[in-house]
Amino acid sequence: MTDQQSSEKDVIARDVAEDSTTAGIEPGVEEVSIKGRSLASDAWIELKHNPLFWVSAVLIVFFVTMAIFPQLFTSTDPDYADLARAREVPSPAAWFGMDSQGYDVYARTIYGARASIMVGLGASVFVLIIGLVMGVISGFAAGWLDAVLSRFGEIFIAIPLLLGGILLLTIYPNRAGDPYLLIVGKIVFVISLLAWPRIMRIMRSSVIQVKPTEYVMAARALGATPLRLIKSHIMPNSIAPVIVVATIDLGAYIAVEATLSFLGIGLQPPAISWGLAISQASGLGSVRNAPHMLIFPSIALSLTVLSFILLGDAVRDALDPKLR
Amino acid sequence: MGQYAIRRILQMIPVVLGTTFIIYASVFALGDPTVGRCGERACPPAYIAAFNAEYNLDKPLLVQYALYLGKLMHGDLGTSFYGNSVATELANRFPTTIKLAAIAVFFEAVIGIAAGIVAGVRKGRFIDSLVMVSTLVVISIPVFVIGTLAQLVFGIKLGWFPVTATQGTLWQLLMPGFVLAALSLAYVARLTRTSLVENLRADYVRTAKAKGLSRNRVIAVHTWRNSLIAVVTFIGLDIGGLMGGAVVTERIFNINGVGSYIFRSINQKDATAVVGAITVLVLIYLAVNLLVDLLYGVLDPRISHD
């Protein structure tokens, strides 16, 4: 894939160069002075014209803002319960109605964004760091180191994400009084521990594709150190597929956090999270009598997951020349 | 092929050892295996000493692990909080869960592949967009939301399906099976579409068309089978996701299977039961992975001849 991208780039650069070649000047010389479009700027031009990109970007900015400054969206205290108004249906006073404890569903939906966004972004950062480092080493070093690292990764990926999460959170249980950040940190840790080999595999095969190309060999012939080869030549040309998968997986991590909270081993009740809200709303009694308790957090959760999947799709379309 | 099979099986050994070691170490060496065995309070020292002796925790780590592996191979998963053998409890519940998973795989394969083919053949038309958008929506809704909504709409409001599946009959498991399948079904449809579209552009398709085959025959005989390789692999590998989903689905629909056993044990803070059940599920997942890899070698001869 990256091969094709770089050759595509070459073709564009050559076309531009030929168009503007004036008599007496070598095309090759001209090519250097023309400001070539990098893969990133190419992709950006493509992205700018994709409405799905803008929809997902706006949604993500919206939810991230909600996670950082929930006060901007509501002035209701999410921890204020009024049992007399329990399960009240949506009204102008409480847009999304009240839940069975008499909490305001709208306020809790707003405040619930924080857990999801923190887990999604946190896990993605760690998964990316570990996966990229291991993938580059594995693909670049080849030989026995590659074999060892690949087998090592297989061990972790053999444990399905949700099952591993259930296992570790049962052995290291969260208690009701635990600080919020500790629980979020645990969930981030579990996801990072089990999910990095996926990124490593993609990065590894991508590095293996880029490594034998002419420009890498040329740089090596010029005496570039391995570190410089990786930093300026291999990384920029092999990272594209990783970005796509990481964006889509971010949505999946958010779903995992919500599922763990739903099962009762993720965040614990004084904390506010969409997974917890859906869990509390999902008993047959609540579903029958107060479906609004279920529907609003569900919509928020699904929209967040959807926006990251859409962003990943849009970035893939922009990076994959075959689809143009 | 024989050589390929042997290599795959040999490669599996370190993975099985590594995975069981991670589970073992995180539970018995690093964690506190007596979590929840004495309710909400900490266990008395005498109990801990007896427990440590029973599970060989007073021996060096590698000896402990070897003894644990030996027990595992004999099907001994320890005893739950109530003194029942975890292995027996699981064996009683597996038939229901397998039935549920089989229904899910059936929906996944039949509806997923059909939708993918319809979309791929009519790429860019309305039906294609419909499949793409609806699968995207399904992918973004977590399974516990789909489950609860299905229960609300089809079980309570419309009354088409039983709301819960306590007896685990085929009819009762139909809706839970579909809910469990939903996410994978969407992925299967998208994957089938993508590989069909890619294969339709391949040279051999042009040759087949050039020699005068009808479009339907080209798709039915040539492309369809080639596109299926990736899909079969996905369905096999997805068993891991299905098992995680089963915990959620069985909790929602009150199905008495392995998933709800895990959920109940989580709530009772019965760590031994959770660990035992999850170890078995991970081992099954690994076995299915190996089978899929071997099947892959049969389906695609290029793989086994490298």
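The values are calculated or read from the model by the stated rules, or taken from the named source; none is laboratory data. Since we're looking at a predicted model, the values are computed, not measured. Virtual Cβ from ideal backbone geometry, glycine too; neighbours counted across all protein chains shown. These accessible areas exclude ligands, DNA and RNA; they are computed on the full protein's heavy atoms, side chains included. Shrake-Rupley method; radii C 1.70, N 1.55, O 1.52, S 1.80 Å.
Observations on the structure shown:
- Of A:Ile243, A:Ile254, all but one fail to be assigned to a helix (DSSP H, G or I) and facing another protein chain (nearest Cβ under 9 Å); the exception is A:Ile254.
- Selection status of A:Leu162, assigned to a helix (DSSP H, G or I), within 18 Å of the chain's Cα centre (by Cα) and facing chain B (nearest Cβ under 10 Å): yes
- Conditions (1) in the same structural domain as B:Thr135 (by TED's automatic domain parsing); (2) open to solvent by 40 Å² or more (accessible area, probe 1.4 Å): number failed by B:Leu100: (2)
- So B:Asn56, is it in a loop (DSSP other than H, G, I, E, B) and outside the structural domain of B:Asn256 (by TED's automatic domain parsing): yes
- Test: residue in region A:287-294 that is in contact (Cβ under 8 Å) with a residue 40 or more places away in the chain and assigned to a loop (DSSP other than H, G, I, E, B): yes
- Each residue in region B:161-180 was checked for being in contact with a Pro (Cβ under 8 Å, 6 or more places away or on another chain) and not in a loop (DSSP other than H, G, I, E, B), and 3 pass.
- Restricting region B:142-158 to residues that are open to solvent by 20 Å² or more (accessible area, probe 1.4 Å) and free of Cβ contacts under 8 Å to residues at least 12 places away in the same chain, the residue that is farthest from the other protein chains (Cβ to nearest Cβ): B:Leu158
- For region A:269-281, filtering for residues that are open to solvent by less than 10 Å² (accessible area, probe 1.4 Å) and in a loop (DSSP other than H, G, I, E, B) leaves 1.
- If you go through region B:57-96 and keep only what is open to solvent by less than 30 Å² (accessible area, probe 1.4 Å) and without any contact (Cβ under 8 Å) to a residue 12 or more places away in the chain, you end up with just B:Gly70.
- Matching residues in region A:207-240 - criterion: being of a type outside the set (Val, Ile, Thr) and part of a loop (DSSP other than H, G, I, E, B): A:Lys211, A:Pro212, A:Leu222, A:Gly223, A:Ala224
- Of all residue pairs spaced 6 or more apart or on separate chains, those with beta-carbon atoms under 8 Å, a first member in region A:39-63 that is among the polar types (S, T, N, Q) and a second member that is surrounded by fewer than 19 Cβ atoms within 10 Å (Cβ to Cβ) are A:Asn50/A:Asp317.
- Residue satisfying all of: in region B:230-281; of a type outside the set (Val, Ile, Thr) and not in a helix (DSSP H, G or I); farthest from the other protein chains (Cβ to nearest Cβ) among these: B:Asn256
- Sole exception among (1) closer than 18 Å to B:Val15 by Cβ; (2) among the β-branched types (Val, Ile, Thr); (3) surrounded by fewer than 18 Cβ atoms within 10 Å (Cβ to Cβ) for A:Ile129, by number: (1)
Yes/no matrix, rows are residues, columns are (1) at the interface with chain B (Cβ under 9 Å from one of its Cβ atoms); (2) closer than 28 Å to A:Leu182 by Cβ:
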residue	(1), (2)
A:Met217	no, no
A:Asn237	no, no
A:Leu250	no, yes
A:Ile265	yes, yes
A:Ser273	no, yes
A:Ser298	yes, yes
A:Ser302	yes, yes
A:Leu319	no, no
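- Scanning region B:184-203 for residues that are out of contact with any Ser or Thr (no Cβ under 9 Å at 6 or more places or on another chain) and more than 30 Å from B:Val138 (Cα to Cα) gives a single hit, B:Asp203.
- Which listed residue, of B:Leu295, B:Leu291, is without any contact (Cβ under 8 Å) to a residue 60 or more places away in the chain, assigned to a helix (DSSP H, G or I), open to solvent by 10 Å² or more (accessible area, probe 1.4 Å) and more than 12 Å from chain A (Cβ to nearest Cβ): B:Leu291
- Of the residues B:Pro33, B:Pro60, the single one that is modelled with pLDDT under 80 and more than 28 Å from the chain's Cα centre (by Cα) is B:Pro60.
- Qualifying residue in region B:22-44 (condition: open to solvent by 30 Å² or more (accessible area, probe 1.4 Å), within 14 Å of chain A (Cβ to nearest Cβ) and of a type in the set (Val, Ile, Thr)): yes
- Some residue of region B:121-129 being out of contact with any strand residue (DSSP E or B) (no Cβ under 8 Å at 6 or more places or on another chain), open to solvent by 40 Å² or more (accessible area, probe 1.4 Å) and among the polar types (S, T, N, Q): yes
- Looking only at residues in region A:133-155 that are β-branched (Val, Ile, Thr) and within 18 Å of A:Thr213 (Cα to Cα), the one that is surrounded by the most Cβ atoms within 10 Å (Cβ to Cβ) is A:Val136.
- When region A:71-115 is filtered for residues that are under 13 Å from A:Ser273 (Cα atoms) and either in contact with a Cys (Cβ under 9 Å, 6 or more places away or on another chain) or in a helix (DSSP H, G or I) (or both), the ones remaining, listed by number, are A:Val105, A:Tyr106, A:Ala107, A:Arg108, A:Thr109, A:Ile110, A:Tyr111, A:Gly112, A:Ala113, A:Arg114, A:Ala115.
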